Amino acid sequence: MYDASEFTEAMESIDCLDTPECETKAELADRLEEVKVAFMGILDHTKRMLEAARLSGVAEAEARRAESYWLAHLRIALDNEHQFLGGSMCTLQETLDELRGEDDES
């Protein structure tokens, strides 16, 4: 059984959902970092839900398909620190690095 409190905490931790406006690139980067951390928590929670569904036999084929396709696509879009093959043309982390002036192409 799951402890959904992690999911709830991840959603509540996104302060930037209240006000979408940002005045600087640094502020935007900080808020996007909050979103990335929350997404990572949500994806981790989702992965555990799918694993439990697969292992219990409730939705074995559907869980395997979800883990291989849409869950992988969402995770790959965040950064390059994942176990999947391939990557995204532009990850959220790369956008954060550009906003903070940390990109390699400067």
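Charges were assigned to the Cβ only: +1 to each Lys and Arg, -1 to each Asp and Glu. The resulting dipole of region 15-106 about its Cα centre is roughly 800 debye.
By its C-alpha gyration tensor, with a ≥ b ≥ c as the square roots of the eigenvalues, how is region 5-99 shaped: rounded for a/c under 1.5, else prolate for a/b larger than b/c, else oblate?
Values: a/c = 3.64, a/b = 1.66, b/c = 2.19.
Here region 5-99 falls in the oblate category.
Each residue of region 83-93 was assigned a 3J(HN,Hα) from its phi angle through the Karplus expression (A = 6.51, B = -1.76, C = 1.60, θ = phi - 60°), giving 9, 8, 6, x, x, 9, 5, 8, 8, 4, 4 Hz with x at Gly and Pro.
Among the GluC sites (Glu not before Pro) in region 48-106, which ones are in a DSSP loop with at most 16 other Cβ atoms within 10 Å of the Cβ? Mind listing them? It would help to have the intermediate numbers written out before the result.
Details: sites: 51, 60, 62, 67, 81, 94, 98, 102, 105; in loops: 81, 102, 105.
Listed in order of number, the matching sites are 81, 102, 105.
A DSSP coil position with no more than 16 other Cβ atoms inside 10 Å describes the following chymotrypsin sites (Phe, Trp or Tyr not before Pro) in region 65-106: 69, 84. Mean separation of Cα pairs under 8 Å and 6 or more residues apart, divided by the residue count, gives region 22-105 a relative contact order of 29 percent.
Quick note: the coordinates plus some simple rules give every number you see, no bench work behind them. Source: prediction; values computed, not measured. Counting neighbours? That spans all protein chains shown, and the Cβs are built from the backbone with ideal geometry, glycine included.
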